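The values are calculated or read from the model by the stated rules, or taken from the named source; none is laboratory data. Note that this is a predicted model, so its numbers are computed, not measured. Cβ placement follows ideal geometry from the backbone for every residue including glycine, while neighbour counts extend to all protein chains displayed. Heads up: the accessible areas ignore ligands, DNA and RNA and are worked out on the full protein's heavy atoms, side chains in. Shrake-Rupley method; radii C 1.70, N 1.55, O 1.52, S 1.80 Å.
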Amino acid sequence: MPVRKAEAEWKGNLAQGSGRMKTGSGSFERAYSFGSRFEESAGTNPEELVAAAHAGCFSMALSNGLAKAGHEPESVKTTARVHLEKGADGFSFTKIELSCRAHVPGIDKATFIAIADATKTGCPVSKALSAVEITMDAQLEN
């Protein structure tokens, strides 16, 4: 299996510094800053990238699980929200909310939810982030 990589460089102190993150494939490169991470300034941040990775992984894994169960999906759309909060030991992810809407012809709700629940704990990104509470709202849009 391939090994994926990304890199980041930060210049300066936390509050006034700035940085860039980019993927090894070159498909993504963006600036990030204190403002884009802890406020609402332009730019990306690690939490946004973790959310994108989780949403992408979950959508692919759920599509695969559905197809393996004989229910070929037409579409699976997932939004992930990563919560970053400051606690006594510093900042940490405290919760990840997955919201999924899927169009899967011919599947009943109970079967869909069972496959989605298994995907919530079984996709590789969910496994990597298992120390964080992960919630899921999965719904069929047939």
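For the range 31-58, a residue qualifies if it is acidic (Asp, Glu) and either surrounded by 14 or more Cβ atoms within 10 Å (Cβ to Cβ) or touching a Gly at 6+ places or on another chain (Cβ under 8 Å) (or both), and the qualifying residues are Glu47, Glu48. The set of residues in the range 87-130 being within 22 Å of Lys68 (Cβ to Cβ) and basic (Lys, Arg) consists of Arg101, Lys109, Lys120, Lys127.
Residue count for the range 15-29 under the criterion of being hydrophobic (A, V, I, L, M, F, W, C) and under 16 Å from Glu47 (Cα atoms): the result is 2.
When you check Cys100 against the structure, is it surrounded by 15 or more Cβ atoms within 10 Å (Cβ to Cβ), within 23 Å of Val132 (Cα to Cα) and either over 14 Å from the mean Cα position of the chain (by Cα) or in contact (Cβ under 8 Å) with a residue 60 or more places away in the chain (or both), yes or no? Before the answer, list the steps.
On the way: surrounded by 15 or more Cβ atoms within 10 Å (Cβ to Cβ): yes; within 23 Å of Val132 (Cα to Cα): yes; either over 14 Å from the mean Cα position of the chain (by Cα) or in contact (Cβ under 8 Å) with a residue 60 or more places away in the chain (or both): no.
No, not satisfied.
Here the range 7-22 is the region considered, the condition is being exposed (fewer than 14 other Cβ atoms within 10 Å of the Cβ) and either polar (S, T, N, Q) or touching a Phe, Trp or Tyr at 6+ places or on another chain (Cβ under 9 Å) (or both), and the residue that is farthest from Leu129 (Cα to Cα) is Gln16. Listed by first and then second residue, the pairs linking a residue in the range 49-70 that is over 25 Å from Glu7 (Cα atoms) to a residue that is open to solvent by 40 Å² or more (accessible area, probe 1.4 Å) and of a type in the set (A, V, I, L, M, F, W, C), with Cβ atoms under 8 Å apart and 6 or more places separating them unless they lie on different chains, are Gly65/Ala118.
Quick grid of which residues meet (1) closer than 28 Å to Asn45 by Cα; (2) touching a His at 6+ places or on another chain (Cβ under 9 Å):
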residue: Val76; (1), (2): yes, yes
residue: Lys86; (1), (2): yes, no
residue: Gly90; (1), (2): yes, no
residue: Gly106; (1), (2): no, yes
residue: Thr111; (1), (2): no, yes
residue: Thr119; (1), (2): yes, no
residue: Gly122; (1), (2): yes, no
residue: Gln139; (1), (2): no, no
